[in-house]
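Asker: The structure under discussion is supplied below as C-alpha coordinates; questions concerning it will follow.
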Amino acid sequence: MGNSMILLTDDLLLDYARCHRRAHLHHWGDRHHRAPEKDFVLKLRREHQQQIQTVLAGQRVATPEYSPQDWSAGAVATETLMAAGVEQIHRGILRWTEPLEELPQPEGLELVGRPTLLVKQPGVSRFGNWCYQPVNIKLGKRPKSEYKLVAMFQGLMLTHIQGATPPDPQLILREGSTHGVDSGYWWGKMLAAVTDCVRALRDAEAPEVFISRQRCSLCPWYDHCHGVAVATQHLSLVPGVTPGRYASLQGLGVTSLAQLAALEPQQVEPDIEPAIARHLQRQAQAIVENRPLPLGTAHPSPQPLAPIELYFDLEAEPDQDVDFLFGVFCVNHDKQTETFHGFFAEHPRDEPLIWQQFLALLHRYPTAPIFHFSPYEVETVKRLSQRYRMSQYPMRSLLPRFIDVHAWLMAVAVLPVENYSLKSVAKWLGFTWRDQGLSGDQTVCLYNQWLETADQEALAMILRYNEDDCRATHQLRMWLHDWSLRGETNFANILDRV
Ligand code: SF4
(Lines give C-alpha, C1' and ligand atoms only; values in the text may rest on other atoms or scores of the structure.)
Protein backbone atom coordinates (compact mmCIF):
# COMPACT_ATOMS: atom_id res chain seq x y z
CA MET A 1 0.00 0.00 0.00
CA GLY A 2 2.79 2.41 0.99
CA ASN A 3 4.56 1.92 -2.37
CA SER A 4 1.53 2.53 -4.59
CA MET A 5 1.65 5.32 -7.16
CA ILE A 6 0.98 8.76 -5.66
CA LEU A 7 -0.78 11.37 -7.78
CA LEU A 8 0.29 14.73 -6.42
CA THR A 9 -1.52 17.65 -8.02
CA ASP A 10 -0.95 21.30 -7.23
CA ASP A 11 -4.45 21.44 -5.72
CA LEU A 12 -3.58 18.58 -3.37
CA LEU A 13 -0.35 20.32 -2.36
CA LEU A 14 -2.36 23.49 -1.68
CA ASP A 15 -4.68 21.47 0.57
CA TYR A 16 -1.69 19.94 2.32
CA ALA A 17 -0.28 23.40 3.03
CA ARG A 18 -3.61 24.37 4.61
CA CYS A 19 -4.26 21.13 6.52
CA HIS A 20 -2.17 17.94 6.29
CA ARG A 21 -5.16 15.84 7.21
CA ARG A 22 -7.34 17.31 4.47
CA ALA A 23 -4.87 16.30 1.75
CA HIS A 24 -4.65 12.83 3.26
CA LEU A 25 -8.43 12.45 3.35
CA HIS A 26 -8.70 13.62 -0.26
CA HIS A 27 -6.26 10.84 -1.18
CA TRP A 28 -7.31 8.04 1.17
CA GLY A 29 -10.63 9.05 2.72
CA ASP A 30 -13.95 7.27 2.30
CA ARG A 31 -15.91 9.39 -0.22
CA HIS A 32 -19.09 8.73 1.76
CA HIS A 33 -17.66 10.83 4.58
CA ARG A 34 -17.07 13.78 2.30
CA ALA A 35 -19.87 16.37 2.13
CA PRO A 36 -20.74 18.18 -1.11
CA GLU A 37 -18.98 21.52 -1.54
CA LYS A 38 -20.72 24.32 0.34
CA ASP A 39 -22.59 27.02 -1.61
CA PHE A 40 -20.10 29.58 -0.42
CA VAL A 41 -17.19 27.56 -1.82
CA LEU A 42 -19.01 27.23 -5.14
CA LYS A 43 -19.60 30.99 -5.12
CA LEU A 44 -15.87 31.58 -4.59
CA ARG A 45 -15.10 29.25 -7.50
CA ARG A 46 -17.46 31.17 -9.77
CA GLU A 47 -15.87 34.45 -8.72
CA HIS A 48 -12.44 33.01 -9.44
CA GLN A 49 -13.49 32.03 -12.97
CA GLN A 50 -14.93 35.52 -13.51
CA GLN A 51 -11.70 37.05 -12.25
CA ILE A 52 -9.67 34.95 -14.72
CA GLN A 53 -11.95 35.97 -17.58
CA THR A 54 -11.60 39.64 -16.61
CA VAL A 55 -7.80 39.46 -16.48
CA LEU A 56 -7.59 37.59 -19.78
CA ALA A 57 -10.16 39.73 -21.60
CA GLY A 58 -8.65 41.05 -24.82
CA GLN A 59 -5.49 38.92 -24.51
CA ARG A 60 -4.46 36.27 -27.01
CA VAL A 61 -4.17 32.90 -25.32
CA ALA A 62 -3.90 29.39 -26.75
CA THR A 63 -5.74 26.60 -24.97
CA PRO A 64 -4.73 22.93 -25.32
CA GLU A 65 -7.53 20.50 -26.10
CA TYR A 66 -8.04 17.43 -23.92
CA SER A 67 -10.83 15.62 -22.10
CA PRO A 68 -11.38 16.65 -18.46
CA GLN A 69 -9.05 14.74 -16.06
CA ASP A 70 -7.04 13.28 -18.95
CA TRP A 71 -3.78 14.75 -17.64
CA SER A 72 -1.68 12.70 -20.00
CA ALA A 73 -3.39 14.02 -23.16
CA GLY A 74 -3.46 17.53 -21.64
CA ALA A 75 0.29 17.44 -21.02
CA VAL A 76 1.02 16.29 -24.59
CA ALA A 77 -1.21 19.03 -26.06
CA THR A 78 0.45 21.63 -23.79
CA GLU A 79 3.95 20.57 -24.82
CA THR A 80 2.92 20.83 -28.47
CA LEU A 81 1.92 24.47 -27.90
CA MET A 82 5.15 25.13 -25.98
CA ALA A 83 7.22 23.64 -28.79
CA ALA A 84 5.35 25.87 -31.27
CA GLY A 85 6.36 28.87 -29.16
CA VAL A 86 2.88 30.36 -28.57
CA GLU A 87 2.95 33.50 -26.40
CA GLN A 88 0.50 32.43 -23.67
CA ILE A 89 -1.07 29.09 -22.82
CA HIS A 90 -4.22 29.03 -20.71
CA ARG A 91 -5.35 25.81 -18.97
CA GLY A 92 -2.08 24.07 -19.79
CA ILE A 93 -1.16 20.81 -18.03
CA LEU A 94 2.29 20.17 -16.57
CA ARG A 95 2.89 16.49 -15.85
CA TRP A 96 5.98 14.63 -14.71
CA THR A 97 6.25 10.91 -13.94
CA GLU A 98 10.02 10.23 -14.09
CA PRO A 99 12.05 9.91 -10.84
CA LEU A 100 13.05 13.36 -9.56
CA GLU A 101 16.58 13.81 -8.27
CA GLU A 102 15.42 16.72 -6.07
CA LEU A 103 13.26 14.45 -3.88
CA PRO A 104 14.50 11.86 -1.36
CA GLN A 105 11.93 9.26 -2.48
CA PRO A 106 11.73 10.01 -6.19
CA GLU A 107 9.97 6.82 -7.39
CA GLY A 108 6.27 6.13 -7.86
CA LEU A 109 5.14 9.72 -8.30
CA GLU A 110 2.89 11.36 -10.82
CA LEU A 111 3.06 15.15 -10.50
CA VAL A 112 0.43 17.33 -12.15
CA GLY A 113 0.27 21.13 -12.21
CA ARG A 114 -2.27 23.46 -13.75
CA PRO A 115 -0.99 27.04 -13.83
CA THR A 116 -3.54 29.60 -15.01
CA LEU A 117 -1.06 30.69 -17.66
CA LEU A 118 2.25 29.65 -19.13
CA VAL A 119 3.84 32.81 -20.50
CA LYS A 120 6.64 32.76 -23.07
CA GLN A 121 9.85 34.47 -21.95
CA PRO A 122 13.34 34.94 -23.40
CA GLY A 123 15.75 32.12 -22.53
CA VAL A 124 17.07 28.85 -23.86
CA SER A 125 15.06 25.67 -23.42
CA ARG A 126 14.78 22.39 -25.26
CA PHE A 127 12.10 24.06 -27.39
CA GLY A 128 14.41 26.82 -28.72
CA ASN A 129 15.34 30.36 -27.73
CA TRP A 130 12.42 30.73 -25.39
CA CYS A 131 11.08 29.23 -22.21
CA TYR A 132 7.90 29.42 -20.14
CA GLN A 133 7.06 30.97 -16.80
CA PRO A 134 4.07 29.93 -14.62
CA VAL A 135 1.55 32.71 -13.86
CA ASN A 136 -1.34 32.05 -11.48
CA ILE A 137 -4.41 34.26 -11.09
CA LYS A 138 -5.63 33.97 -7.50
CA LEU A 139 -8.76 35.17 -5.74
CA GLY A 140 -6.91 36.07 -2.54
CA LYS A 141 -5.89 39.63 -1.75
CA ARG A 142 -2.48 38.68 -0.33
CA PRO A 143 0.36 36.64 -1.87
CA LYS A 144 -0.10 33.74 0.58
CA SER A 145 2.71 31.31 1.20
CA GLU A 146 0.63 28.38 -0.10
CA TYR A 147 0.20 30.17 -3.44
CA LYS A 148 3.98 30.53 -3.63
CA LEU A 149 4.58 26.85 -2.81
CA VAL A 150 2.18 25.81 -5.58
CA ALA A 151 3.79 28.18 -8.10
CA MET A 152 7.22 26.76 -7.24
CA PHE A 153 5.86 23.21 -7.56
CA GLN A 154 4.76 24.08 -11.09
CA GLY A 155 8.21 25.58 -11.61
CA LEU A 156 9.78 22.25 -10.57
CA MET A 157 7.84 20.37 -13.27
CA LEU A 158 8.48 23.09 -15.82
CA THR A 159 12.22 22.91 -15.17
CA HIS A 160 12.21 19.26 -16.24
CA ILE A 161 9.68 19.55 -19.05
CA GLN A 162 11.40 22.43 -20.83
CA GLY A 163 14.92 21.54 -19.71
CA ALA A 164 15.48 25.01 -18.27
CA THR A 165 14.78 26.81 -15.00
CA PRO A 166 11.81 29.14 -15.54
CA PRO A 167 11.94 32.82 -14.54
CA ASP A 168 10.38 33.58 -11.12
CA PRO A 169 6.67 32.60 -11.16
CA GLN A 170 4.12 35.41 -10.99
CA LEU A 171 0.90 35.76 -9.00
CA ILE A 172 -1.91 38.05 -10.13
CA LEU A 173 -4.14 38.78 -7.12
CA ARG A 174 -7.68 39.94 -6.59
CA GLU A 175 -7.22 43.63 -7.09
CA GLY A 176 -5.00 43.11 -10.11
CA SER A 177 -1.65 43.51 -8.33
CA THR A 178 1.19 41.27 -9.51
CA HIS A 179 3.75 39.60 -7.23
CA GLY A 180 6.89 37.78 -8.24
CA VAL A 181 7.76 34.64 -6.25
CA ASP A 182 11.39 34.68 -5.13
CA SER A 183 12.55 31.29 -6.45
CA GLY A 184 15.82 31.41 -4.52
CA TYR A 185 13.93 31.67 -1.24
CA TRP A 186 10.96 29.38 -2.01
CA TRP A 187 12.72 26.52 -3.85
CA GLY A 188 13.93 24.75 -0.70
CA LYS A 189 10.64 25.35 1.13
CA MET A 190 8.70 23.88 -1.79
CA LEU A 191 10.92 20.77 -1.93
CA ALA A 192 10.49 20.26 1.83
CA ALA A 193 6.70 20.64 1.53
CA VAL A 194 6.50 18.21 -1.40
CA THR A 195 8.71 15.68 0.42
CA ASP A 196 6.56 15.90 3.58
CA CYS A 197 3.35 15.70 1.60
CA VAL A 198 4.47 12.60 -0.33
CA ARG A 199 5.58 10.95 2.92
CA ALA A 200 2.20 11.70 4.52
CA LEU A 201 0.31 10.39 1.49
CA ARG A 202 2.31 7.15 1.53
CA ASP A 203 1.22 6.56 5.12
CA ALA A 204 -2.25 5.00 5.30
CA GLU A 205 -2.83 6.55 8.74
CA ALA A 206 -4.35 10.03 8.58
CA PRO A 207 -2.64 12.92 10.40
CA GLU A 208 -4.29 13.74 13.73
CA VAL A 209 -7.51 15.74 13.67
CA PHE A 210 -7.40 19.31 14.91
CA ILE A 211 -10.62 21.29 14.78
CA SER A 212 -10.06 24.95 14.12
CA ARG A 213 -13.18 26.99 13.44
CA GLN A 214 -11.57 29.26 10.89
CA ARG A 215 -9.78 26.53 8.94
CA CYS A 216 -12.40 23.76 9.15
CA SER A 217 -15.67 25.61 8.65
CA LEU A 218 -15.70 25.31 4.84
CA CYS A 219 -13.99 21.92 4.65
CA PRO A 220 -16.00 19.05 3.10
CA TRP A 221 -14.57 16.65 5.71
CA TYR A 222 -15.78 18.72 8.66
CA ASP A 223 -18.58 16.42 9.84
CA HIS A 224 -16.28 13.41 9.67
CA CYS A 225 -13.41 15.14 11.50
CA HIS A 226 -15.71 16.66 14.08
CA GLY A 227 -17.15 13.20 14.77
CA VAL A 228 -13.63 11.85 15.31
CA ALA A 229 -12.77 14.79 17.59
CA VAL A 230 -15.92 14.31 19.69
CA ALA A 231 -15.40 10.55 19.93
CA THR A 232 -11.83 11.05 21.18
CA GLN A 233 -12.67 14.12 23.30
CA HIS A 234 -9.94 15.91 21.42
CA LEU A 235 -8.49 18.96 23.14
CA SER A 236 -8.95 21.08 20.01
CA LEU A 237 -12.64 21.15 20.97
CA VAL A 238 -11.75 23.28 23.99
CA PRO A 239 -11.97 26.99 23.06
CA GLY A 240 -8.56 28.62 23.45
CA VAL A 241 -6.53 25.47 22.70
CA THR A 242 -4.56 26.63 19.66
CA PRO A 243 -2.17 24.29 17.77
CA GLY A 244 0.77 25.86 19.65
CA ARG A 245 -0.84 25.44 23.08
CA TYR A 246 -1.93 21.93 22.12
CA ALA A 247 1.68 21.00 21.36
CA SER A 248 2.79 22.48 24.71
CA LEU A 249 0.07 20.58 26.58
CA GLN A 250 0.98 17.32 24.84
CA GLY A 251 4.64 17.86 25.59
CA LEU A 252 3.79 18.32 29.28
CA GLY A 253 1.68 15.18 29.42
CA VAL A 254 -1.74 16.87 29.41
CA THR A 255 -3.50 14.80 26.76
CA SER A 256 -7.11 14.41 27.89
CA LEU A 257 -10.00 16.69 28.73
CA ALA A 258 -10.07 15.35 32.28
CA GLN A 259 -6.37 16.16 32.75
CA LEU A 260 -6.87 19.67 31.41
CA ALA A 261 -9.88 20.19 33.69
CA ALA A 262 -7.71 19.25 36.70
CA LEU A 263 -4.69 21.31 35.57
CA GLU A 264 -2.70 23.44 38.00
CA PRO A 265 -1.30 26.43 36.04
CA GLN A 266 2.20 25.94 37.47
CA GLN A 267 2.26 22.50 35.76
CA VAL A 268 2.51 24.18 32.35
CA GLU A 269 4.69 27.19 33.18
CA PRO A 270 6.59 28.70 31.44
CA ASP A 271 5.22 27.18 28.20
CA ILE A 272 1.77 28.63 28.80
CA GLU A 273 1.10 31.87 30.68
CA PRO A 274 -0.62 31.26 34.05
CA ALA A 275 -3.69 33.39 33.19
CA ILE A 276 -4.19 31.47 29.93
CA ALA A 277 -3.60 28.11 31.63
CA ARG A 278 -6.20 29.03 34.26
CA HIS A 279 -8.67 29.92 31.56
CA LEU A 280 -8.07 26.69 29.62
CA GLN A 281 -8.50 24.71 32.83
CA ARG A 282 -11.81 26.43 33.55
CA GLN A 283 -13.02 25.97 30.02
CA ALA A 284 -12.23 22.24 30.16
CA GLN A 285 -13.92 22.01 33.56
CA ALA A 286 -17.11 23.60 32.17
CA ILE A 287 -17.15 21.00 29.37
CA VAL A 288 -16.40 18.02 31.63
CA GLU A 289 -19.05 19.09 34.17
CA ASN A 290 -21.39 20.25 31.37
CA ARG A 291 -22.35 23.45 33.16
CA PRO A 292 -21.55 27.15 32.92
CA LEU A 293 -18.91 28.48 35.27
CA PRO A 294 -18.52 32.06 36.45
CA LEU A 295 -15.59 34.32 35.67
CA GLY A 296 -14.21 36.81 38.14
CA THR A 297 -14.42 39.92 36.02
CA ALA A 298 -17.68 41.83 36.21
CA HIS A 299 -19.19 43.48 33.16
CA PRO A 300 -18.58 47.24 33.41
CA SER A 301 -22.14 48.37 32.74
CA PRO A 302 -25.09 47.19 34.85
CA GLN A 303 -27.76 45.70 32.63
CA PRO A 304 -31.18 45.90 34.27
CA LEU A 305 -34.02 45.17 31.86
CA ALA A 306 -35.02 48.34 30.02
CA PRO A 307 -38.72 48.90 29.16
CA ILE A 308 -37.80 48.67 25.45
CA GLU A 309 -34.74 46.84 24.13
CA LEU A 310 -33.45 46.57 20.57
CA TYR A 311 -31.51 43.59 19.16
CA PHE A 312 -29.53 44.38 16.06
CA ASP A 313 -27.85 42.18 13.45
CA LEU A 314 -26.37 42.94 10.04
CA GLU A 315 -25.91 40.98 6.83
CA ALA A 316 -23.16 42.12 4.48
CA GLU A 317 -21.71 41.19 1.08
CA PRO A 318 -18.02 42.09 1.44
CA ASP A 319 -17.22 41.62 -2.25
CA GLN A 320 -19.69 44.31 -3.20
CA ASP A 321 -18.83 46.33 -0.10
CA VAL A 322 -22.49 46.55 0.87
CA ASP A 323 -24.42 45.99 4.10
CA PHE A 324 -27.65 44.75 2.63
CA LEU A 325 -29.80 44.02 5.68
CA PHE A 326 -30.18 45.86 8.97
CA GLY A 327 -32.33 43.68 11.23
CA VAL A 328 -33.74 45.05 14.47
CA PHE A 329 -35.80 42.97 16.88
CA CYS A 330 -37.71 45.28 19.19
CA VAL A 331 -38.75 43.87 22.59
CA ASN A 332 -41.19 45.91 24.66
CA HIS A 333 -41.09 44.46 28.17
CA ASP A 334 -43.90 46.70 29.42
CA LYS A 335 -46.35 45.82 26.69
CA GLN A 336 -44.99 42.28 26.27
CA THR A 337 -44.62 42.70 22.51
CA GLU A 338 -41.91 41.67 20.08
CA THR A 339 -41.53 43.13 16.58
CA PHE A 340 -38.92 42.48 13.91
CA HIS A 341 -37.89 45.20 11.42
CA GLY A 342 -35.78 44.12 8.46
CA PHE A 343 -34.38 46.96 6.34
CA PHE A 344 -33.32 45.26 3.14
CA ALA A 345 -31.39 46.71 0.19
CA GLU A 346 -33.09 45.30 -2.91
CA HIS A 347 -30.02 46.55 -4.77
CA PRO A 348 -26.58 47.52 -3.37
CA ARG A 349 -27.26 51.15 -4.34
CA ASP A 350 -30.10 51.15 -1.74
CA GLU A 351 -27.65 50.96 1.16
CA PRO A 352 -28.00 54.71 2.02
CA LEU A 353 -31.78 54.33 2.00
CA ILE A 354 -31.88 51.41 4.45
CA TRP A 355 -29.23 53.13 6.57
CA GLN A 356 -31.55 56.13 7.01
CA GLN A 357 -34.53 53.85 7.75
CA PHE A 358 -32.47 52.04 10.35
CA LEU A 359 -31.41 55.30 12.03
CA ALA A 360 -35.00 56.55 12.05
CA LEU A 361 -36.05 53.40 13.92
CA LEU A 362 -33.29 53.83 16.51
CA HIS A 363 -34.35 57.44 16.90
CA ARG A 364 -37.94 56.37 17.55
CA TYR A 365 -36.69 54.63 20.72
CA PRO A 366 -34.12 57.17 21.90
CA THR A 367 -33.34 55.55 25.24
CA ALA A 368 -33.51 51.86 24.28
CA PRO A 369 -30.24 49.94 24.60
CA ILE A 370 -29.13 48.26 21.36
CA PHE A 371 -27.78 44.75 21.89
CA HIS A 372 -25.68 43.01 19.25
CA PHE A 373 -23.26 40.06 19.07
CA SER A 374 -19.66 40.95 18.06
CA PRO A 375 -17.96 44.29 17.37
CA TYR A 376 -18.83 44.22 13.65
CA GLU A 377 -22.18 45.99 14.08
CA VAL A 378 -20.74 49.02 15.87
CA GLU A 379 -17.78 49.21 13.50
CA THR A 380 -20.22 49.25 10.61
CA VAL A 381 -22.35 51.97 12.20
CA LYS A 382 -19.23 54.12 12.59
CA ARG A 383 -18.11 53.40 9.04
CA LEU A 384 -21.52 54.14 7.51
CA SER A 385 -21.92 57.31 9.53
CA GLN A 386 -18.68 58.48 7.88
CA ARG A 387 -19.77 57.30 4.47
CA TYR A 388 -23.21 58.93 4.61
CA ARG A 389 -22.40 61.82 6.96
CA MET A 390 -25.00 61.36 9.67
CA SER A 391 -26.58 64.73 10.48
CA GLN A 392 -30.01 64.35 11.98
CA TYR A 393 -28.97 61.52 14.34
CA PRO A 394 -25.78 62.44 16.18
CA MET A 395 -23.34 59.59 16.84
CA ARG A 396 -22.51 61.04 20.23
CA SER A 397 -25.83 59.94 21.69
CA LEU A 398 -26.11 56.77 19.59
CA LEU A 399 -22.83 54.96 20.23
CA PRO A 400 -23.14 54.61 24.03
CA ARG A 401 -26.39 52.71 23.51
CA PHE A 402 -24.70 49.73 21.83
CA ILE A 403 -23.94 46.73 24.06
CA ASP A 404 -21.88 43.83 22.72
CA VAL A 405 -23.45 40.71 24.25
CA HIS A 406 -20.52 38.56 23.13
CA ALA A 407 -18.04 40.77 25.05
CA TRP A 408 -20.37 40.70 28.06
CA LEU A 409 -20.56 36.89 27.96
CA MET A 410 -16.78 36.53 27.64
CA ALA A 411 -16.29 38.76 30.67
CA VAL A 412 -18.58 36.87 33.03
CA ALA A 413 -18.95 33.18 32.16
CA VAL A 414 -17.34 30.07 30.72
CA LEU A 415 -19.80 27.82 28.89
CA PRO A 416 -19.63 24.11 27.99
CA VAL A 417 -19.35 24.91 24.27
CA GLU A 418 -16.81 24.25 21.53
CA ASN A 419 -16.65 27.87 20.46
CA TYR A 420 -18.27 31.19 21.29
CA SER A 421 -20.01 31.86 17.98
CA LEU A 422 -23.64 32.91 18.29
CA LYS A 423 -24.66 29.59 16.70
CA SER A 424 -22.81 27.53 19.23
CA VAL A 425 -23.77 29.55 22.31
CA ALA A 426 -27.45 29.90 21.38
CA LYS A 427 -27.65 26.20 20.53
CA TRP A 428 -26.42 25.44 24.04
CA LEU A 429 -29.24 27.69 25.34
CA GLY A 430 -31.72 25.57 23.40
CA PHE A 431 -32.36 28.08 20.61
CA THR A 432 -33.00 26.73 17.11
CA TRP A 433 -32.86 28.58 13.81
CA ARG A 434 -35.90 28.03 11.60
CA ASP A 435 -33.69 27.28 8.59
CA GLN A 436 -31.29 24.87 10.18
CA GLY A 437 -27.88 24.54 8.58
CA LEU A 438 -27.98 28.04 7.07
CA SER A 439 -24.92 30.16 7.80
CA GLY A 440 -23.90 33.78 7.35
CA ASP A 441 -21.81 32.76 4.33
CA GLN A 442 -24.88 31.25 2.71
CA THR A 443 -26.93 34.42 3.17
CA VAL A 444 -24.31 36.09 0.96
CA CYS A 445 -25.01 33.44 -1.70
CA LEU A 446 -28.76 33.96 -1.23
CA TYR A 447 -28.32 37.72 -1.65
CA ASN A 448 -26.49 37.19 -4.92
CA GLN A 449 -29.30 34.84 -5.96
CA TRP A 450 -31.81 37.57 -5.09
CA LEU A 451 -29.88 40.13 -7.16
CA GLU A 452 -29.80 37.81 -10.17
CA THR A 453 -33.34 36.40 -10.07
CA ALA A 454 -35.39 38.40 -7.48
CA ASP A 455 -36.15 35.03 -5.89
CA GLN A 456 -38.71 35.70 -3.13
CA GLU A 457 -37.84 32.53 -1.25
CA ALA A 458 -34.18 33.62 -1.10
CA LEU A 459 -35.29 36.96 0.36
CA ALA A 460 -37.58 35.26 2.88
CA MET A 461 -34.73 32.97 4.01
CA ILE A 462 -32.34 35.92 4.48
CA LEU A 463 -34.92 37.78 6.59
CA ARG A 464 -35.75 34.69 8.67
CA TYR A 465 -32.07 34.02 9.26
CA ASN A 466 -31.37 37.57 10.34
CA GLU A 467 -34.41 37.69 12.60
CA ASP A 468 -33.36 34.44 14.24
CA ASP A 469 -29.88 35.86 14.85
CA CYS A 470 -31.52 38.82 16.61
CA ARG A 471 -33.78 36.49 18.62
CA ALA A 472 -30.81 34.30 19.58
CA THR A 473 -28.96 37.43 20.79
CA HIS A 474 -32.05 38.28 22.83
CA GLN A 475 -32.14 34.82 24.38
CA LEU A 476 -28.48 35.11 25.34
CA ARG A 477 -29.02 38.57 26.82
CA MET A 478 -31.87 37.20 28.96
CA TRP A 479 -29.68 34.33 30.11
CA LEU A 480 -26.95 36.80 31.08
CA HIS A 481 -29.51 38.86 32.95
CA ASP A 482 -30.60 35.83 34.99
CA TRP A 483 -26.98 34.80 35.44
CA SER A 484 -26.04 38.15 36.95
CA LEU A 485 -29.16 38.17 39.15
CA ARG A 486 -27.98 34.87 40.59
CA GLY A 487 -24.77 36.65 41.59
CA GLU A 488 -22.69 34.25 39.55
CA THR A 489 -20.16 36.96 38.72
CA ASN A 490 -19.36 37.49 42.36
CA PHE A 491 -15.74 36.56 42.82
CA ALA A 492 -16.27 35.18 46.34
CA ASN A 493 -18.71 32.71 44.86
CA ILE A 494 -16.11 31.57 42.39
CA LEU A 495 -13.53 30.95 45.08
CA ASP A 496 -16.05 28.89 47.06
CA ARG A 497 -16.60 26.66 44.09
CA VAL A 498 -13.02 26.07 43.05
S1 SF4 B 1 -12.20 19.41 8.96
FE2 SF4 B 1 -10.40 20.52 9.63
S3 SF4 B 1 -9.01 18.92 10.42
FE4 SF4 B 1 -10.53 17.90 9.14
S5 SF4 B 1 -9.61 17.80 7.15
FE6 SF4 B 1 -10.86 19.63 7.17
S7 SF4 B 1 -9.49 21.29 7.75
FE8 SF4 B 1 -8.45 19.36 8.27
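The values are calculated or read from the model by the stated rules, or taken from the named source; none is laboratory data. In this text the structure is predicted, and so the values were computed from the model without any measurement. Using ideal geometry, Cβ is built from the backbone for each residue, glycine included, and neighbour counts are taken over all protein chains shown. Calculation scope for accessible area: heavy atoms of the full protein, side chains included, ligands and nucleic acids excluded. Shrake-Rupley method; radii C 1.70, N 1.55, O 1.52, S 1.80 Å.
Asker: What translational diffusion coefficient, in µm²/s and rounded to a whole number, does the Stokes-Einstein relation yield for the stretch 233-290 at 10 °C and a viscosity of 1.306 mPa s, taking the hydrodynamic radius as the Kirkwood radius over Cα pairs? Intermediate results must be reported in sequence, preceding the final value.
Answerer: On the way: Rh = 10.9 Å.
For the chosen part, D equals 146 µm²/s.
Asker: Given N residues in the stretch 308-491, what is its alpha carbon radius of gyration divided by 2.2 N^0.38 Å?
Answerer: Numbers: Rg = 16.6 Å, N = 184, 2.2 N^0.38 = 16.0 Å.
Compactness ratio reported: 1.04.
Asker: Still on this structure: Note down the net charge around residue 141, summing +1 for each Lys or Arg and -1 for each Asp or Glu among other residues with Cβ under 12 Å from its Cβ. Intermediate results must be reported in sequence, preceding the final value.
Answerer: Values: positive: 138, 142, 144, 174; negative: 175, 319.
Around residue 141, the surrounding residues sum to +2.
Asker: Find the all-direction average of the projected area of the Cα convex hull for the stretch 6-202, expressing the result in square nanometres with one decimal place. Kindly include the intermediate steps, with their values, before the conclusion.
Answerer: Details: hull surface 45.0 nm².
That works out to 11.2 nm².
Asker: With each run of n ≥ 4 DSSP H residues scored as -39500 (n - 2.57), what mean residue ellipticity at 222 nm is computed for the chain after dividing by its residue count and rounding to the nearest 500 deg cm²/dmol?
Answerer: Numbers: 19 runs with 228 residues, N = 498.
When only DSSP H runs of four or more count, the value is -14000 deg cm²/dmol.
Asker: Counting only protein heavy atoms and a 1.4 Å probe, tell me what percentage of the chain's accessible area is made up of carbon and sulfur.
Answerer: The C+S portion of the solvent-accessible surface of the chain is 52 percent.
Asker: Would you please give the FRET efficiency between residue 144 and residue 305, computed as 1/(1 + (r/R0)^6) with r the Cβ-Cβ distance and R0 = 41 Å, to the nearest 0.05?
Answerer: Numbers: r = 47 Å, r/R0 = 1.15.
Working from the Cβ atoms, E equals 0.30.
Asker: Related question: Determine the gain in length on full extension of the stretch residue 177-residue 429; use 0.36 nm per residue of separation and subtract their C-alpha separation, reporting nm with one decimal.
Answerer: Details: separation 252, 0.36 × 252 = 90.72 nm, distance 4.63 nm.
Full-extension gain reported as 86.1 nm.
Asker: Return the tail of the calculated pair distribution for the stretch 184-325, meaning the percent of Cα-Cα pairs more than 26 Å apart. Intermediate values should be presented prior to the final figure.
Answerer: Numbers: 5161 of 10011 pairs.
More than 26 Å apart: 52 percent of the Cα pairs in the stretch 184-325.
Asker: A further question follows. With a cut-off of 8 Å between alpha carbons and a minimum separation of six or more residues, what is the relative contact order of the chain in percent? Can you show the working numbers first?
Answerer: On the way: 758 pairs, mean separation 59.9, N = 498.
Computed value for the chain: 12 percent relative contact order.
Asker: If every alpha-carbon in the chain counts as one equal scatterer, what log10 I(q)/I(0) does Debye give at q = 0.06, 0.07, 0.11 1/Å?
Answerer: Computed log10 I(q)/I(0) values: -0.39, -0.52, -1.10.
Asker: Roughly how much of residue 246 is accessible, in Å² to the nearest 10, using a 1.4 Å probe?
Answerer: Using a 1.4 Å probe on the heavy atoms, I get roughly 30 Å².
Asker: Spin-label point model (7 Å from Cα, Cβ direction): what's the residue 258 to residue 121 distance in nm?
Answerer: 6.0
Asker: As a test of the definition: which semi-axes, in Å, follow for the stretch 254-379 when you take the square root of five times each eigenvalue of its alpha carbon gyration tensor? Largest first, please.
Answerer: On the way: eigenvalues 344, 87, 32 Å².
Sorted largest first and rounded, they come to 41, 21, 13 Å.
Asker: What net charge do the residues around residue 105 carry, taking every other residue with its C-beta under 10 Å from that of residue 105, with Lys and Arg at +1 and Asp and Glu at -1? All intermediate terms of the calculation are to be shown ahead of the outcome.
Answerer: Numbers: positive: 199, 202; negative: 107.
So the environment of residue 105 carries a net charge of +1.
Asker: Run the quick spin-label model on residue 231 and residue 337: label points 7 Å from Cα toward the beta carbon, then report their separation in nm to one decimal.
Answerer: So the label points at residue 231 and residue 337 sit 5.4 nm apart.
Asker: Quick one: length gained pulling residue 393 to residue 456 fully straight, 0.36 nm per residue minus the C-alpha distance?
Answerer: Values: separation 63, 0.36 × 63 = 22.68 nm, distance 3.27 nm.
Residue separation times 0.36 nm, minus the Cα-Cα distance, leaves 19.4 nm.
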